[in-house]
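The structure appears below as structure tokens.
The values are calculated or read from the model by the stated rules, or taken from the named source; none is laboratory data. Computed from a predicted model, the values in this text were never measured in an experiment. Note: ideal-geometry Cβ built from the backbone for every residue, glycine included; neighbour counts use all protein chains shown. Remember, those area values only see protein heavy atoms, side chains included, never the ligands or the DNA or RNA. Shrake-Rupley method; radii C 1.70, N 1.55, O 1.52, S 1.80 Å.
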Amino acid sequence: GLFYAYIDTGLFAAADALLQQLEAATPPTVRQAPLPDTPNEDYARVRDLRGRYYLYTDQPARAEATYEMLVREAPFNAAFAEGRARAAAAREHPHQALSMAQAASTDHPDAVPVRSAVAEGLAATGQQRDSRAAMAQLHREYPEAGMVQNAARDQAASRGATLNVQSQYGKGNHSSALSDEDFLIDARLQSGLIDDQWRVFARQAWSYGDTSNGRAHRGRTGLGLRWERDGWDLDAEAHRDTGGPRNGGFAVGGSYRLGDHVELSASYDSNALDVPWRAYDAGIAGRQAQVSAAYLVNESRRFDLSYQRMQFTDGNLNQGGALSWTERWFSGPSQQFQTTLRTDVSRNRNTDVPYYSPESDGSVELEARYQLLTWKRDDKTMVQRFYVSAGSYRQHGYGSQAMAGLRYEHEWTVRPGWSLTYGIGTAWHPYDGQRERRTVGYLNVAIPFY
């Protein structure tokens, strides 16, 4: 109990020290027993606590190695088998985790932690109907179990209605290539799961952009339908703008998780919301399409590839591609460090237009992120993140120049599914050979209703 109290309050060093004392004081066999070599039941519990420590302190690779060793030593231990499934889930291998949990449930059909892992694995792989049934049965049989109550609460948060609000503010130089000042708030309210696979949602966006041509305002109202099942997430939305050259439109998008390592996604919007403000001021709209693929090795390494195409109503065509590699180099009880290396290229059909449209350009950038867990009380947390980026931007006709950025962020989690994220940053980027500075701020909120 003291070990878990230390973990829940973020006293990870104290938890580790206590665990080392328990390990040293708990032999494999009972010291004084009627028969020699009588197994000590507490020994297995302490060994399991070491794996839990790695799981609860964001060290899934060490947790995975620990449980693989423990399962080899005691293949029919329910706690070890369940811990191995949890470690696979933490490594972002949901299908492998579900397979492990289901195999363990065959040997331990009455083990509450194993059955809870099965229900969570079903949800993680998009099998919402089976997950709901498994959790409901578990809750009927063990309503007082703390693990069951926590799992049921997490499931309710993921299945319930949700409000997501994203807002951002940017300010550039006077007569900036993008905008002197702009603001966007994008709110989306979606229903809880209907028939274990459908959601309806409403979306409202408000924005303005200030350029040398004046200030323009834009609003968008949308209604849509979402389908979630077996790794598929598909959206369809009809929307209407308050102004601009196009008032009505539609957007579709979706993603598919192919096994534990590949994720595919695509989207299309007949009236893109992120058309450059200088284009919008000039009465120009755009149709935007994007496809992307990601290869997830595990929670610490992934590769992303994307292609984007925007067709403007003035006849211009922008096409671009990007490739990135994200690597988490360190993950510990309260700290993380990772880097993302990105490269991208783009081309435009026309350059004689009233918005930034180089014939061709490209960049290479390295971003480093440091994360610090500052406060923790059970499942309530607050983390700080620091971002530093540097790279080179090349534009046709102007050569290559350096670019850089800084950003500072807080993220609060107060209940499962509830989060508040806000941050500020600044970046330096060359446009047409002129180095510009842009300051940004953002605030994002996610609130589930359950």
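Brief remarks follow.
- Selection status of residue 336, free of Cβ contacts under 8 Å to residues at least 60 places away in the same chain, not in a helix (DSSP H, G or I) and not hydrophobic (A, V, I, L, M, F, W, C): no
- Just one of the listed residues (384, 335) is among the polar types (S, T, N, Q), under 30 Å from residue 419 (Cα atoms) and open to solvent by 40 Å² or more (accessible area, probe 1.4 Å), and it is 335.
- Selected residue (criterion: nearest to residue 333 (Cα to Cα)) from residues of the stretch 8-38 that are open to solvent by 60 Å² or more (accessible area, probe 1.4 Å) and assigned to a loop (DSSP other than H, G, I, E, B): 11
- Among the residues making up the stretch 106-121, those that are in a helix (DSSP H, G or I) and either acidic (Asp, Glu) or within 15 Å of residue 148 (Cβ to Cβ) (or both) are 107, 112, 113, 114, 115, 116, 117, 118, 119, 120.
- Of all the listed residues (374, 326, 351), the sole one being surrounded by 15 or more Cβ atoms within 10 Å (Cβ to Cβ) and β-branched (Val, Ile, Thr) is 326.
- Residues that are within 25 Å of residue 178 (Cβ to Cβ) and not acidic (Asp, Glu) are absent from the stretch 223-238 altogether.
- Looking across 400, 419, 392, one residue alone is under 30 Å from residue 354 (Cα atoms), open to solvent by less than 60 Å² (accessible area, probe 1.4 Å) and hydroxyl-bearing (Ser, Thr, Tyr). It is 392.
Each row is one residue, and each column tells you yes or no for (1) assigned to a loop (DSSP other than H, G, I, E, B); (2) open to solvent by less than 20 Å² (accessible area, probe 1.4 Å); (3) modelled with pLDDT of 95 or more; (4) touching a strand residue (DSSP E or B) at 6+ places or on another chain (Cβ under 6 Å).
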residue	(1), (2), (3), (4)
227	no, no, yes, yes
235	no, no, yes, yes
238	no, no, yes, yes
251	no, yes, yes, yes
264	no, no, yes, yes
283	yes, no, no, no
303	no, no, yes, yes
307	no, no, yes, yes
311	no, no, yes, yes
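- Unique residue being within 22 Å of the chain's Cα centre (by Cα) and open to solvent by 30 Å² or more (accessible area, probe 1.4 Å) when the list is 154, 210, 195: 154
- Some residue of the stretch 154-162 being of a type in the set (A, V, I, L, M, F, W, C), touching a residue at least 40 places away in the same chain (Cβ under 8 Å) and assigned to a helix (DSSP H, G or I): yes
- Taking the stretch 103-122 as the range and being crowded, with 23+ Cβ neighbours inside 10 Å and either among the small types (Gly, Ala, Ser) or in contact with a strand residue (DSSP E or B) (Cβ under 8 Å, 6 or more places away or on another chain) (or both) as the test, the residues that pass are 104, 116, 117, 119, 121.
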